[in-house]
C-alpha cells in the first residue's frame, strides 16, 4: 500500500521566532506523518509528492531560511556521460570527483568548496540526511566534502549522480540533490541535449522556480555549434527557460589529469566567480529559488489534500457498502420474523404436536401438566413437546440469522471487490467475505438468551397476584411459548393447505389464551417487548459482524481531518510569506 514519506529522518528544531520557518516546520511535520494507505489512483503520486516535500523542506528550505547568507550551493547535474565530474574537476583544477567510461561513475556525491566555507558544508545544514565524509565513499547516502582553494568563497559545487542512472538509488539521490540546490548547473552533451529525461527535470526546476544555468558540453567543431546552439536556444524558449545562462564547451582532448583546458571553461569559471563574490547576486539567486520552492509547496499541498480527500471518500463509500449490506440482512430477518415463515416445516410440526395433544392447555390450566410431562419423558426418553417446539423454533431462527449474515458478508465483499481500495483490504483480510468463525455459537447464545428473556417477561407480568392465580409457576413456561408464537405471527401470515386447520386455529387460540390470562393490553405489550428484544439482539449481532469490515477500514489509518489541516498550514505559510519577501 502506498505510504507517505519515510520517517527515518530526525525532526528539525522548530524556529518559533520566524513565522515562516515555523509554518514550514509545521507543514513538514504534518506531511511526514501522512500516509495514503488505500491504493487509489491518487495515492501513489501523493506519496511521491509527500516524500519530495519532506526532502526539500529538510534538505533545503528550512536550513536555508535559518541562514539566507550562507554560501551558495550549485548542484551540477545531468545525464549519463555528460561530463559532470570532468567539469567539476576542471573548475577546481584538481581531480577529486571520479570520471570515466564505466557507468555509473559517481557512486556518492562530492561537494567542493573554499576552505573558508568548509564549516558550513561539513556540518549537517543543507542535506542533513547525508553523512559527511572527508574521503571517497561507496555509500550513496554519504556526502564527501572537499576543500578547493581554487573556488572563490561563497559558492560550492556538488557533483550529483546521473539523473538517468541505471541504478534506482542514484536517480532518486540525483533528484533529491537537485531539489536542495540554490542553483542547478545542468550539463548535457551535443549528442544528448534533446533527450526527454533531462527536459522533464528542467521543467520541474522551472515549476519550482529554481535558478538554472545550462552547459552544453562536447560540441564537435564550430559548424556543429552553429547548428546546435540555435536549436537548443529554441528548446529553452519552448520550455519557458529562454533566459537561463547558456555555456557552450567545444569537444577537446583532456590533459594528463583528465581536466578541460582553462581557456575552454574560462567563461563559465568567470561567471561562477562573479556570482561567488557578489553578495547581492547570490541573494537574488537564493530568493528566487527559495521563493519558487515555497510557491511550489502550495501546488503540492493541493495534490496532497485532494489525495487525502480521496482516501476519506473511499472509506465512506466502503463503509456505506457495509451498512447497506447489513441493513439488508436486518430487514431480511425482520421480514422472516413477521411473515410467519418460521412457523412452517419442523416448527409447525412441533406446534401441532404441542397443541394437538392438549399439553399446552393443561400446562396453562394446572400444575399437573408438569408432572405429566415428566412422566412421559421418563417413559419415552423424549423431551416434552414444549421443549421440542422451543428447540425447533430456535433452530429455525438460527438458520434465518446465519443465512442473513452470510448473505451480508458476501454482499459487502462483492461491493468492496468492485473498489480498488476494497480489493486491497480484502486481500489483507480475505475471511471478511465469510461470517465470523464463532457466529454459530453467538447465534445459539443469542437465541437462548432471548428465549430466557421472554420467560422473564412473562414472570414479571405474572407478578400480579390475580394473574398468578390463573398462571402457576409451571404455566409460565407454556405462556412463554405462546408469546414466542405471537412474536413470529402477524396478519401477514396466511397459512395454506393443511396448515389452516391447525396453525391458523392455534395462532388464534394462543392469542385468546394469553388474553384470558393477562388481558388484551398486556398481551400486546408482552409480544411487542419480546419482538423488540429480539430485534435489538439481532441488530447487535449484525453490528458485530459489520464491525469486522469497519475494523479493516479503521486499520487503514485514514485521517479525516488531514485535507483541512494541510490547507490551513498552506494558508499560514502564505500569510507568513511577506516576512521572506521583505
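Each value in this text was obtained by applying a stated rule to the coordinates, not by laboratory testing. Computed from a predicted model, the values in this text were never measured in an experiment. When we count neighbours, we look across all protein chains shown, and the Cβ atoms used for this are built from the backbone with ideal geometry, even at glycine.
Using a simple spin-label model with pseudo-atoms 7 Å out from Cα toward Cβ, residue 168 and residue 565 lie 2.9 nm apart. Considering only alpha-carbon pairs that sit under 8 angstrom and 6 or more positions apart, the relative contact order computed for region 73-277 is 25 percent. The relative contact order of region 181-293 comes to 34 percent, based on Cα pairs under 8 Å that sit 6 or more residues apart. With 0.36 nm allotted per residue and the present C-alpha distance subtracted, the residue 45-residue 195 stretch has 51.6 nm of extension available.
Distance from the alpha carbon centroid of region 279-323 to that of region 154-229 works out to 26 angstrom. Inter-label distance, residue 328 to residue 302: 4.0 nm, where each label sits 7 Å from its Cα along the C-beta direction.
Does region 183-340 classify as rounded, prolate or oblate by the C-alpha gyration tensor (a ≥ b ≥ c root eigenvalues; a/c under 1.5 gives rounded; else a/b over b/c gives prolate, otherwise oblate)? Because a/c hits 1.5 or more and a/b exceeds b/c, region 183-340 counts as prolate.
Does region 227-292 come out rounded, prolate or oblate by the C-alpha gyration tensor, with a ≥ b ≥ c the root eigenvalues, rounded set by a/c under 1.5 and, if not, prolate when a/b is larger than b/c and oblate if not? Walk me through the numbers on the way to the answer.
Working: a/c = 3.01, a/b = 1.23, b/c = 2.45.
Note, shape of region 227-292 comes out oblate.
Ranking of 338, 239 by neighbouring Cβ atoms within 10 Å, starting from the fewest: 239, 338.
Using a ≥ b ≥ c from the Cα gyration tensor of region 184-269 (square roots of the eigenvalues), is it rounded, prolate or oblate, where a/c under 1.5 gives rounded and otherwise the larger of a/b and b/c decides, a/b for prolate?
Details: a/c = 2.10, a/b = 1.60, b/c = 1.31.
Because a/c hits 1.5 or more and a/b exceeds b/c, region 184-269 counts as prolate.
Roughly speaking, what is the stretch gain from residue 313 to residue 226, that is 0.36 nm per residue apart minus the C-alpha to C-alpha distance, in nm to one decimal? Numbers along the way, then the final one.
Values: separation 87, 0.36 × 87 = 31.32 nm, distance 5.65 nm.
Between residue 313 and residue 226, full extension yields 25.7 nm more.
Ranked by how many other Cβ atoms sit within 10 Å of their own Cβ, fewest first, the residues 269, 25 fall in the order 269, 25.
Out of all Cα-Cα pairs in region 73-277, roughly what percent, to the nearest whole number, are more than 23 Å apart?
On the way: 8413 of 20910 pairs.
In whole percent, the long-distance tail amounts to 40.
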